[in-house]
Amino acid sequence: MKNVLIKTTINGKQVELDVRPNMTLLDFLRDEMGLTGTKRGCEVGECGACTVLLNGQAVNSCLILVPQIDGQEILTVEGLAQGEKLHPLQESFLDHDAVHCGFCTPGMLISAKALLDHTPDPSEEETRVAISGNLCRCSGYQQIVDAIRETKHVGES
Amino acid sequence: MKPFDYHSPRSLPEACLLLAELGAEAKILAGGTDVLVEMRKPGSYSSKAVVDITRISSLKGIGESGDAILIGPLTTHAEIFHSRIVEQYAPLLKAAVAGIGSPQIRNRGTVGGNLMNAAACADTVPPLLALNATIKLLSSKGERSIALSDFFIKPYATVAQRDEILVEIRFPKLPANARSSFVKLGRRNALSIARLSVAAILVKSDAGVITDARIVTGAAFPKWQRVLEAEKVLIGQKPSRELFDAAGKKVSEALISFTGRRWSTEYKEPVIAVLVRRSLEACQ
Ligand SMILES: Cc1cc2nc3c(=O)[nH]c(=O)nc-3n(C[C@H](O)[C@H](O)[C@H](O)COP(=O)(O)OP(=O)(O)OC[C@H]3O[C@@H](n4cnc5c(N)ncnc54)[C@H](O)[C@@H]3O)c2cc1C
Ligand code: FES
Ligand code: FES
């Protein structure tokens with residue numbers, strides 16, 4: 001097995017790395033980059049805990065081979081806050097008690113960002129569709145939906 | 001995951017050469033939503049090489065050519081969903097991809113992967129069969145076009161050779177007076193893999209008489225096909241609930257004559273009849 005050289009942008013930083021191809025983007029982020037905010041859940045595309053943005057689109061990082069991100073841009077939950085300043089979505093999740101155990105939260109935040117980037121004022125239905133690939137076993141979803149819909153000042157990050 | 005060599009050809013000739021060289025060792029990778037799940041299963045096949053075709057830009061996109069719609073196999077379900085062309089000329093395909101997996105799956109999963117994987121529950125198959133689609137397969141030995149109705153052997157088996165790349169999906173535009181629908185029953189709303197689905201197309205004359213009818217069920221028969229017996233019941237008639245019920249009954253009968261009675265028949269027989277009726281009503 002030959003390693004593959006990839007150049008990619010992760011949370012705004014360019015990285016160039018020699019990687020084993022038989023690794024998922026999820027394993028790469030967590031085990032090689034130390035970005036453990038992206039969660040490992042089902043690993044078969046069903047729970048959404050591993051959701052990241054790939055060129056602005058929500059995807060399951062457990063279903064992507066790491067060489068496939070060569071030349072692409074990745075955003076993980078760690079890339080949402082600006083230093084100490086939380087992203088408005090994160091503030092809103094806190095305000096609405098949308099974080100219980102927190103395992104689904106990174107994926108939820110990323111799916112929510114993908115939604116708000118295109119639809120700044122989503123309906124309840126649009127919001128529910130946007131997070132339909134993210135399972136939460138604690139909250140019952142309503143607080144999450146409210147938190148997303150009542151997020152202030154998005155679009156500047 | 002077992003070790004493998006990774007290749008990402010930039011052009012079709014390069015991809016064909018690679019596949020010819022690698023032979024049975026190679027696995028084609030598109031959106032990966034089926035392949036990655038499969039590769040991780042314990043005891044799964046171990047391909048020594050993965051050929052990632054997603055860098056071949058000519059395999060992406062939706063276009064028109066005269067009366068035909070052309071879809072590149074790498075077009076994602078999300079792209080099909082947002083396509084004006086599909087919305088106008090093949091709305092049942094839009095309806096089908098809208099319900100595939102989740103937003104994350106629709107952003108990665110491709111129509112080509114859906115056809116080539118050939119799962120019994122592949123949601124793009126019933127609409128594309130109803131649209132009388134043909135596909136093009138390419139390998140280093142040449143290109144061939146075949147009707148989608150001749151492509152599937154049974155779930156997870158097609159007539160494609162291992163070194164063949166699906167390069168095009170093509171179907172005639174639906175006429176302006178056609179109405180179409182796709183309905184599916186799943187276990188859960190999002191992420192539901194269809195257990196039963198129906199794609200239907202109806203064309204009516206100005207006098208309201210049905211002149212063309214196409215019905216394809218998903219995940220019901222051991223092989224996908226248009227249910228001609230049921231379509232015949234509709235042609236030359238005016239739509240009514242009784243007529244649609246009769247067509248639904250024909251589909252159920254066809255199902256039983258095909259599969260014989262088995263454990264799931266008790267459930268499928270009445271359900272499929274109702275689903276067919278609903279799909280026809282949705283074509284009004
Ligand atoms: C959580 C989850 C939910 C899902 N829900 C649904 C659903 O509701 N409905 C549904 O229909 N499917 C569903 N799927 C299955 C899957 O997402 C689709 O079948 C998808 O369209 C596959 O496309 P892909 O590009 O990801 O294919 P890949 O995984 O990349 O490939 C699939 C197969 O096709 C071959 N292949 C791909 N492209 C080509 C090509 N151009 N030429 C030759 N061979 C090729 C590959 O070698 C492989 O055998 C789901 C999957 C997951 C993980
Ligand atoms: S870990 Fe990727 S979807 Fe569950
Ligand atoms: S907060 Fe626990 S899974 Fe969502």
So how many residues does region B:35-74 have that are open to solvent by 60 Å² or more (accessible area, probe 1.4 Å), in contact (Cβ under 8 Å) with a residue 40 or more places away in the chain and farther than 30 Å from B:L174 by Cα?
-> 2
Could you tell me whether B:G63 is away from chain A (no Cβ under 14 Å) and away from ligand 1 (no atom under 14 Å from the Cβ)?
-> yes
From the list A:G102, A:G133, which residue is open to solvent by less than 10 Å² (accessible area, probe 1.4 Å), within 16 Å of ligand 3 (Cβ to nearest atom), more than 24 Å from A:E16 (Cα to Cα) and of a type outside the set (S, T, N, Q)?
-> A:G133
Taking A:G56 as meeting all but one of (1) modelled with pLDDT under 95; (2) in the same structural domain as A:Q14 (by TED's automatic domain parsing), write down the number of the exception.
-> (1)
Restricting to helices (runs of 4 or more DSSP H) lying wholly in region B:53-129: which have 2 or more residues that are in contact with a Pro (Cβ under 9 Å, 6 or more places away or on another chain)?
-> B:91-98, B:111-117
Could you pull out the residue among A:T151, A:T127 that is in a loop (DSSP other than H, G, I, E, B), open to solvent by less than 60 Å² (accessible area, probe 1.4 Å) and either more than 16 Å from ligand 2 (Cβ to nearest atom) or touching a strand residue (DSSP E or B) at 6+ places or on another chain (Cβ under 9 Å) (or both)?
-> A:T151
Find the residue count for region A:33-54, including only residues that are more than 17 Å from A:L80 (Cα to Cα) and either free of Cβ contacts under 8 Å to residues at least 24 places away in the same chain or small (G, A, S) (or both).
-> 7
Scan region B:126-146 and give yes if some residue there is more than 13 Å from the chain's Cα centre (by Cα) and within 14 Å of chain A (Cβ to nearest Cβ), otherwise no.
-> no
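Here's the yes/no breakdown for (1) open to solvent by 30 Å² or more (accessible area, probe 1.4 Å); (2) more than 16 Å from ligand 3 (Cβ to nearest atom):
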{"residue": "A:N22", "(1), (2)": "no, yes"}
{"residue": "A:R30", "(1), (2)": "yes, yes"}
{"residue": "A:R40", "(1), (2)": "yes, no"}
{"residue": "A:L75", "(1), (2)": "yes, yes"}
For region B:1-19 the number of residues that are surrounded by fewer than 13 Cβ atoms within 10 Å (Cβ to Cβ), modelled with pLDDT of 95 or more and facing chain A (nearest Cβ under 7 Å) is 0
Would you mind finding the one in A:S123, A:S92 that is within 16 Å of ligand 3 (Cβ to nearest atom), of a type in the set (G, A, S) and not assigned by TED's automatic domain parsing to the domain that holds A:G12?
-> A:S92
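The values are calculated or read from the model by the stated rules, or taken from the named source; none is laboratory data. Not measured: the values here are computed from a predicted model. As a convention, Cβ positions derive from the backbone with ideal geometry for all residues, glycine included, and neighbour counts pool all protein chains shown. Only protein heavy atoms, including side chains, enter the accessible area calculation; ligands, DNA and RNA are left aside. Shrake-Rupley method; radii C 1.70, N 1.55, O 1.52, S 1.80 Å.
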